[in-house]
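The next block holds one structure in the form of structure tokens; read it before the comments.
The values are calculated or read from the model by the stated rules, or taken from the named source; none is laboratory data. Everything numeric in this text was worked out from a predicted model, so none of it was measured. All Cβ positions, glycine included, derive from the backbone under ideal geometry; neighbour counts span all protein chains shown.
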Amino acid sequence: MTKNITITGYGVVARELIQLIDQSKDNLLKKYGVEFKVSAIGSSQGMITATEGIDLAMLLKFGTGSSALKQYAKATQQSLLPTRMIGDVLVECSPTNTETGGAGLVYFNEAMDAQMDIVSVAKGALVHSFKEIQQKAKDNKVRIKYSGATAAALPTLDIGEFSLAGTTITKIEGVLNGTSNYILSAMDESQLSFTEALKIAQENGIAESNPKLDVAGFDSAAKILLLTNGLLEKDFSIQDVEITGIENISKTDIELAKQAGKTIKLLAQAVVEKDEVRMEVKPCAIELTHPLAHIHGTNKGIVFETIEMGTICTTGGASHPRGAAAAALKDLINLYRKDML
């Protein structure tokens with residue numbers, strides 16, 4: 001089975017996905033019975049296309065972004081075209097804009113109008129318009145997967161959808177942002193201030209030059225929102241999440257937690273209370289016996305509490321572009337694998 005892919009947004013995650021598809025094509029066909037052909041890749045300045053499939057090995061020589069697509073277009077004697085939906089499935093990797101949904105929301109709607117399935121790494125469209133997207137997907141009989149948007153390589157959504165199918169989830173609690181966890185770990189292990197730990201994270205390429213979305217808790221809030229809406233069948237917005245970041249955590253806070261036999265983690269929580277769900281992101285001092293207490297560096301973790309299966313926990317998950325790309329590839333495989341059709 002061959003499935004034709006359109007990718008929107010050609011940053012580092014999309015490039016890693018291209019590399020994974022190129023490297024694993026023989027194994028994907030042998031193990032899962034599916035071949036992925038990238039037919040189009042679009043950026044803010046236009047799209048490259050190829051009916052027979054883009055030459056991925058060639059494209060990988062040119063880096064990322066619109067400049068890479070321009071170089072590929074020049075090398076193959078074509079012009080950048082207006083971005084449009086081609087093929088069977090859209091992989092949405094464009095920059096996140098949760099205030100309006102951004103270009104991602106436009107691509108979502110165009111793909112659904114074209115009866116294309118969607119795999120999304122970007123969070124913007126889903127955070128902004130989750131209910132509308134789910135309804136349109138149902139109306140147009142297309143499927144949407146977005147595990148890469150809910151903690152990248154950490155299998156959060158997958159556990160809730162598949163491993164916990166049929167259970168009653170009463171609480172979702174996670175360390176969902178690798179950058180914030182790295183900073184808190186550095187503060188704890190090396191007795192650093194927040195500013196000192198942030199600087200080290202930036203020097204190591206872990207934190208962005210503007211790390212506000214991570215350290216202010218907004219990225220964690222977006223992830224717990226998507227998990228809550230998806231797994232608990234809710235229609236919340238980001239305004240329904242109470243958010244407190246880690247910017248005001250001091251060395252004294254870290255030391256006091258240690259003296260009490262605890263450690264501070266930025267926790268994202270969705271708690272079911274009777275018929276209501278309360279969502280919150282905030283730094284918490286947790287006991288060292290807590291399953292999320294020993295997650296260090298850029299690792300992440302999630303705990304599900306259920307009535308039927310008790311407490312389920314998983315930790316780890318690479319916090320870098322390849323991990324997010326691997327999550328997107330996993331979603332593609334699970335849409336079309338031969339043993340699931």
>> Can you tell me how many residues within the stretch 270-298 are farther than 22 Å from Ala221 by Cβ and either touching a Phe, Trp or Tyr at 6+ places or on another chain (Cβ under 8 Å) or of a type in the set (Val, Ile, Thr) (or both)?
In response: 1
> Counting only residues that are under 23 Å from the mean Cα position of the chain (by Cα) and among the aliphatic types (A, V, I, L, M), which one in the stretch 63-89 is farthest from Val142 (Cα to Cα)?
Replying inline: Met85
> When you go through (1) more than 18 Å from the chain's Cα centre (by Cα); (2) in a strand (DSSP E or B); (3) surrounded by 18 or more Cβ atoms within 10 Å (Cβ to Cβ); (4) of a type outside the set (D, E, K, R) one by one for Gly301, which number turns out not to apply?
Replying inline: (1)
>> When the residues of the stretch 142-196 are narrowed to those that are of a type in the set (Asp, Glu) and either in the same structural domain as Val91 (by TED's automatic domain parsing) or closer than 16 Å to Glu233 by Cα (or both), which ends up farthest from the chain's Cα centre (by Cα)?
In response: Glu161
> In the stretch 51-86, what count of residues is obtained for those that are buried (at least 18 other Cβ atoms within 10 Å of the Cβ), under 24 Å from Ala114 (Cα atoms) and among the hydrophobic types (A, V, I, L, M, F, W, C)?
Replying inline: 5
>> Quick test of your reading of the structure: Ile169 fulfils all but one of (1) more than 30 Å from Cys284 (Cβ to Cβ); (2) of a type outside the set (Ser, Thr, Tyr); (3) surrounded by fewer than 24 Cβ atoms within 10 Å (Cβ to Cβ). Name the failing condition by number.
In response: (1)
>> Quick check on my filter: what residues within the stretch 305-318 are of a type outside the set (Val, Ile, Thr) and under 26 Å from Tyr32 (Cβ atoms)?
In response: Gly316, Gly317, Ala318
> Applying the selection to the stretch 218-236, what residues are out of contact with any Gly (no Cβ under 8 Å at 6 or more places or on another chain), more than 19 Å from Tyr182 (Cβ to Cβ) and in contact (Cβ under 8 Å) with a residue 40 or more places away in the chain?
Replying inline: Leu225, Leu226, Thr228, Asn229, Leu232, Lys234, Asp235, Phe236
> Can you name every residue in the stretch 217-257 that is of a type in the set (S, T, N, Q), touching a helix residue (DSSP H, G or I) at 6+ places or on another chain (Cβ under 9 Å) and not in a helix (DSSP H, G or I)?
Replying inline: Ser237, Asn248, Ser250
>> Checking the conditions here, which among Glu110, Glu99 is surrounded by fewer than 18 Cβ atoms within 10 Å (Cβ to Cβ), in the same structural domain as Ala40 (by TED's automatic domain parsing), acidic (Asp, Glu) and part of a helix (DSSP H, G or I)?
In response: Glu110
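Which residues, taken from the stretch 181-211, are part of a helix (DSSP H, G or I) and closer than 23 Å to Thr156 by Cβ? So that I can check it myself, show each step before the final result.
Going residue by residue through the stretch 181-211, those that are part of a helix (DSSP H, G or I) are 181-190, 194-203.
Residues satisfying the conditions are Asn181, Tyr182, Ile183, Leu184, Ser185, Ala201.
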>> Residue under question is Ala125, and the condition is that it be part of a loop (DSSP other than H, G, I, E, B), crowded, with 22+ Cβ neighbours inside 10 Å and not acidic (Asp, Glu); does it hold?
In response: no
>> Out of the residues in the stretch 25-50 meeting the condition of being hydroxyl-bearing (Ser, Thr, Tyr) and surrounded by 17 or more Cβ atoms within 10 Å (Cβ to Cβ), tell me which one is nearest to Lys74 (Cα to Cα).
In response: Thr49
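Taking the stretch 302-318, which residues are under 17 Å from Asp158 (Cβ atoms) and touching a Lys or Arg at 6+ places or on another chain (Cβ under 9 Å)? Can you show your working first?
Residues of the stretch 302-318 under 17 Å from Asp158 (Cβ atoms): 302-304, 306, 309, 312-318.
Within the stretch 302-318, Val303, Phe304, Thr306, Thr315, Gly316, Gly317 meet the criteria.
If I filter the stretch 258-269 down to residues being of a type in the set (A, V, I, L, M) and more than 15 Å from Asp219 (Cα to Cα), which single residue comes out as surrounded by the most Cβ atoms within 10 Å (Cβ to Cβ)?
Taking the stretch 258-269 and keeping what is of a type in the set (A, V, I, L, M), we get 260, 264, 266-268.
In the following step, the residues that additionally are more than 15 Å from Asp219 (Cα to Cα) were identified as 260, 264.
Values: Ala260: 11, Ile264: 21.
Restricting to residues being of a type in the set (A, V, I, L, M) and more than 15 Å from Asp219 (Cα to Cα), the top hit is Ile264.
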